[in-house]
Amino acid sequence: MKTVIKRLVFLTTQTTCFLAIVAHSSNNQADSYSQAQLSSKINVADDSVVFPDDAITRTIQNTTQIKRISTSDQGDLPNQYQESQQRHYSESDFVNGGNLNLDPQFKDVDIKLEHKYHHFDQMTQYLRQTTARYPSLTALYSIGKSVKGRDLWVMVVSASPYEHMIGKPDVKYIGNIHGNEAVSREILLQLINYLVTNYNTDQYIKWLLDNTRIHIMPSMNPDGFEVSKEGACDGAQGRYNSQGYDLNRNFPDYFKQNNKRPQPETEAVKEWIKKIQFVLSGSLHGGALVASYPFDNSPNSLFTTYSHTPSLTPDDDVFKHLALTYSTSHAKMSKGVSCQSSQTSFRRGITNGAEWYPLTGGMQDYNYVWYGCMEVTLEVSCCKYPPAYELPKYWEDNKMALIKFIAEAHRGVHGFVFDVAGNPVEKASLKIKSRDVGFQTTKFGEFWRILLPGMYKLEIYADGFVPREMDFIVVDEHPTLLNITLHAAKRKEGFYYRPPNSGFSRGPFVPPHQPVAQESGIFSSITNGLSNVFNYFG
């Protein structure tokens, strides 16, 4: 049985989408990489592709040519989610030197990512070069611009970079939110390079990209980076954006009114995560070596600055697990050694944010409360802007942790919410009973929630439908697939209910606490293709 399960690791479970890629001009010169038309843009509002005017689009008809992975047969899903057949991997899929995902025009051009600091123009050039060379694995888009007009670039790395993969989660990494915390910027560029160059040779990387859309923003504060100084381990030069705002204090806050003027960078991120439903996120910082989890603020923040009182979320067990996943996979973090004798030491390399020090307007609390995305703050270097010759060791220290953390999006429960006609129910509000921070379905009726093994009850609400409660079990080896059918409500039955448009007091997705009409059933936790994912690294 274990052998069968291991073989299933390399199967996908849901529908793949059509792939659209840019057909570049016939100019084979390497310097054409820097041309703007090689950078395709994704319209975040629809999560679809909008190509530049001078680019030509084409659709790949022969999917075997690019080794696109198809789906397993989910008999309980509507027909629109059952378009493909299963396909087993073969040894030829992992041949060294495979170029199935390379644009033939650029397959012989060497894109070398050096261990050095990349200023904005250099970073932009590398991202454009990479998406030109790997058009079936990458998509480059901008979510907006900084105060000084620099693009806030995001690179999608996935087997379906241009379109959302039905039933498969979107995750993200954000680096360089503080401009002088520069290591995060470089290791995220290295992560992009590692993923695309190992897709054809590493079975786990192939599985990860076939089943996940990974959005990587190397720099949220490109203006701050440009005025920072290499070798400055401490200090605030370059920390803030060009208008002097700390971007990690600029988001709405659950515990306290945040009166700081919203900045273009944070407004762009807020719109981004409103349009794409991210399941998991990592925000990379520098100046310490610890994984910090929500809440960053507390009801008594004015009085806890020096008392180090934790402020725990309803999902504290999950957040501790996520933080430990990163710290224990990191080369040094879990040892809990202080960066300086005057700094706090962290047991096993993790901490609750408010217990470390409370702050108002943090990004990780906003992701969690407003959109149900579990974000952890990852402090990846003691020195904020170390000399460039130290970058290789920082990459090696963080490489395994970055990869393992992403895979945690496949832990817990996922599924679909449909009406009786088999149509997806968009924006249904869901909540794990006794965990009062909710989440919503996508326009395809999808949902995800990271949970540890145990028995749970899911509460489901949607405008015009009878509320439901569903019992389910989560096991450690693979996620639970839970598909839910909602029945239309009649007003006279007293079931017609519109969930309040306010979450955990202020976020949008928390259902009410009053009793609901119960209709329960235990669903088995059987899903193809994801077994033993978490044991890959031993």
Positions within the range 352-376 being outside any helix (DSSP H, G or I), closer than 22 Å to Asn180 by Cβ and touching a strand residue (DSSP E or B) at 6+ places or on another chain (Cβ under 9 Å), in sequence order: Gly362, Glu375, Val376
Residue within the range 330-339 that is crowded, with 21+ Cβ neighbours inside 10 Å and touching a residue at least 24 places away in the same chain (Cβ under 8 Å) present: yes
Contacts under 7 angstrom Cβ, first residue in the range 199-222 being open to solvent by 10 Å² or more (accessible area, probe 1.4 Å), partner among the β-branched types (Val, Ile, Thr) and not in a strand (DSSP E or B), 6 or more apart: Asn200/Val95
Spans of strands (runs of 3 or more DSSP E) in the range 422-486 with at least 2 residues on the phi < 0 side of the Ramachandran plot, among the β-branched types (Val, Ile, Thr) and in contact (Cβ under 8 Å) with a residue 12 or more places away in the chain: 468-474, 480-486
Test result for Asp365, acidic (Asp, Glu) and closer than 26 Å to Thr442 by Cβ: yes
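In the range 151-223, which strands (runs of 3 or more DSSP E) lie fully inside it and hold 1 or more residues that are hydroxyl-bearing (Ser, Thr, Tyr)? Before you say what the answer is, go through the steps one by one.
On the way: elements: 151-157, 170-174, 213-217.
Those strands (runs of 3 or more DSSP E) span 170-174.
Counting only residues that are β-branched (Val, Ile, Thr) and in a loop (DSSP other than H, G, I, E, B), which one in the range 109-138 is nearest to Asn193 (Cα to Cα)? It would help to see each step written out before you state the result.
Applying the first criterion (β-branched (Val, Ile, Thr)) to the range 109-138 yields 109, 111, 124, 130-131, 138.
Adding the requirement that they be in a loop (DSSP other than H, G, I, E, B) leaves 109, 111.
Working: Val109: 14, Ile111: 9 Å.
Taking the candidates together, the pick is Ile111.
Yes or no, residue by residue, for (1) touching a strand residue (DSSP E or B) at 6+ places or on another chain (Cβ under 6 Å); (2) surrounded by fewer than 21 Cβ atoms within 10 Å (Cβ to Cβ); (3) outside any helix (DSSP H, G or I):
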{"site": "Phe251", "(1), (2), (3)": "no, no, yes"}
{"site": "Lys256", "(1), (2), (3)": "no, yes, yes"}
{"site": "Asn259", "(1), (2), (3)": "no, yes, yes"}
{"site": "Asp296", "(1), (2), (3)": "no, no, yes"}
{"site": "Thr309", "(1), (2), (3)": "no, yes, yes"}
{"site": "His321", "(1), (2), (3)": "no, yes, no"}
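With respect to Tyr126, determine if the residue is under 27 Å from Tyr394 (Cα atoms) and at pLDDT 50 or above.
On the way: under 27 Å from Tyr394 (Cα atoms): yes; at pLDDT 50 or above: yes.
So Tyr126 passes the test.
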Flag for Asn300 being of a type in the set (S, T, N, Q), surrounded by fewer than 22 Cβ atoms within 10 Å (Cβ to Cβ) and touching a Pro at 6+ places or on another chain (Cβ under 9 Å): yes
Out of Asp365, Asp315, sole residue that is farther than 18 Å from Phe251 by Cβ, surrounded by 22 or more Cβ atoms within 10 Å (Cβ to Cβ) and of a type in the set (D, E, K, R): Asp315
Residues (assigned to a loop (DSSP other than H, G, I, E, B) and either of a type in the set (Ser, Thr, Tyr) or surrounded by 24 or more Cβ atoms within 10 Å (Cβ to Cβ) (or both)) located in the range 377-411: Lys384, Tyr385, Arg411
The listed residue being under 23 Å from Leu195 (Cβ atoms) and free of Cβ contacts under 8 Å to residues at least 40 places away in the same chain, out of Lys393, Lys399: Lys393
Residue match in the range 270-279 (condition: modelled with pLDDT of 95 or more, buried (at least 20 other Cβ atoms within 10 Å of the Cβ) and in a strand (DSSP E or B)): yes
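The values are calculated or read from the model by the stated rules, or taken from the named source; none is laboratory data. All of these numbers come straight from a predicted model, not from anything done at the bench. Cβ coordinates were reconstructed from backbone atoms using ideal geometry, including for glycine residues, and neighbour counts include every protein chain displayed. Heads up: the accessible areas ignore ligands, DNA and RNA and are worked out on the full protein's heavy atoms, side chains in. Shrake-Rupley method; radii C 1.70, N 1.55, O 1.52, S 1.80 Å.
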